[in-house]
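Enquirer: There's a structure below that I have some questions on.
The values are calculated or read from the model by the stated rules, or taken from the named source; none is laboratory data. Quick caveat: nothing in here was measured; it's all calculated off a predicted structure. Every residue, glycine among them, receives a Cβ derived from its backbone with ideal geometry; neighbour counts consider all protein chains shown. Keep in mind that these areas ignore ligands, DNA and RNA; they rest on the heavy atoms of the full protein, side chains included. Shrake-Rupley method; radii C 1.70, N 1.55, O 1.52, S 1.80 Å.
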Amino acid sequence: MNYLDWLNTNDIAIELYEKFPDIDPQWISFPDLHKKICELDNFNGDPKGSNEKILEAIQMLWIEESL
């Protein structure tokens with residue numbers, strides 16, 4: 001199993017898309033997005049290691065993935 005860290009933005013977006021198919025990522029708040037990322041089975045990053053720029057990048061990739 002490959003473990004994910006905050007810099008694996010594309011892989012995180014794919015994992016979110018697969019794990020939460022009923023969520024529209026366009027409307028998710030950053031605190032909720034952060035929580036869902038930390039809950040991913042193969043996420044191994046430091047919960048304090050994210051910032052708004054990283055979360056925004058993941059959100060944008062998740063939106064692309066769900067189109």
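Enquirer: Out of the range 1-31, which residues are free of Cβ contacts under 8 Å to residues at least 12 places away in the same chain and under 11 Å from GLN59 (Cα atoms)?
Expert: If the condition is that a residue be free of Cβ contacts under 8 Å to residues at least 12 places away in the same chain and under 11 Å from GLN59 (Cα atoms), then TRP27, SER29 are the ones that fit.
Enquirer: How do the pairs read when you match residues in the range 43-57 that are in contact (Cβ under 8 Å) with a residue 60 or more places away in the chain with residues anywhere that are open to solvent by 70 Å² or more (accessible area, probe 1.4 Å), using Cβ under 8 Å and keeping only pairs 6 or more apart or on different chains?
Expert: As it stands, the answer is none, since no pair meets every condition given.
Enquirer: Which of (1) out of contact with any helix residue (DSSP H, G or I) (no Cβ under 8 Å at 6 or more places or on another chain); (2) of a type in the set (S, T, N, Q); (3) loosely packed, with under 14 Cβ neighbours inside 10 Å is the odd one out, the single condition ASN8 does not satisfy?
Expert: (3)
Enquirer: Starting from residues that are among the small types (Gly, Ala, Ser) and under 13 Å from ILE12 (Cα atoms), keep the ones in the range 24-59 and report whichever is least open to solvent (accessible area, probe 1.4 Å).
Expert: GLY45
Enquirer: Still on this structure, please answer the following. Can you confirm whether TRP62 is open to solvent by less than 60 Å² (accessible area, probe 1.4 Å), at pLDDT 95 or above, touching a Gly at 6+ places or on another chain (Cβ under 8 Å) and of a type outside the set (S, T, N, Q)?
Expert: Here the answer is no, as TRP62 does not meet what is asked.
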